[in-house]
Amino acid sequence: MARNTLHDIKRSLDSHIGERILLRANGGRRKTVERSGVLEETYPSVFIVKLDEDKHSFERVSYSYADILTETVELTICRSDENIRIALEQQ
């Protein structure tokens, strides 16, 4: 069941490759890190985000789909007139 859920997260991200996203990640010790960039690519276990060059000291970050499942990472797809939060519905 968890494997199907991770696969569902990957499939939903596959449809947003090339779009701008906003990430909120747990940075440890009650610290939240916010990053923005473009969803560059998805792989079987991780996805890659190319960060905005002027705002961050490094070029790319990767996170696993389990990070979204465990809510360690919150991902928001940014479009010109709306923001879509990638979230799982509890079944």
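What follows draws every value from the coordinates through simple rules; no lab data is involved. Every value quoted in this text rests on a predicted model; they were computed, and no experiment measured them. Using ideal geometry, Cβ is built from the backbone for each residue, glycine included, and neighbour counts are taken over all protein chains shown.
Here are the numbers:
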| quantity | calculated |
| --- | --- |
| Matching residues in the range 40-51 - criterion: being closer than 17 Å to residue 66 by Cβ and either within 11 Å of the chain's Cα centre (by Cα) or of a type in the set (Gly, Ala, Ser) (or both) | 42, 45, 46, 47, 48, 49 |
| Matching residues in the range 56-79 - criterion: being touching a Lys or Arg at 6+ places or on another chain (Cβ under 8 Å) and either farther than 19 Å from residue 13 by Cα or aliphatic (A, V, I, L, M) (or both) | 56, 59, 61, 73, 75, 77 |
| Scope the range 1-44; condition under 19 Å from residue 57 (Cβ atoms), of a type in the set (Ser, Thr, Tyr) and touching a residue at least 12 places away in the same chain (Cβ under 8 Å); matching residues | 36 |
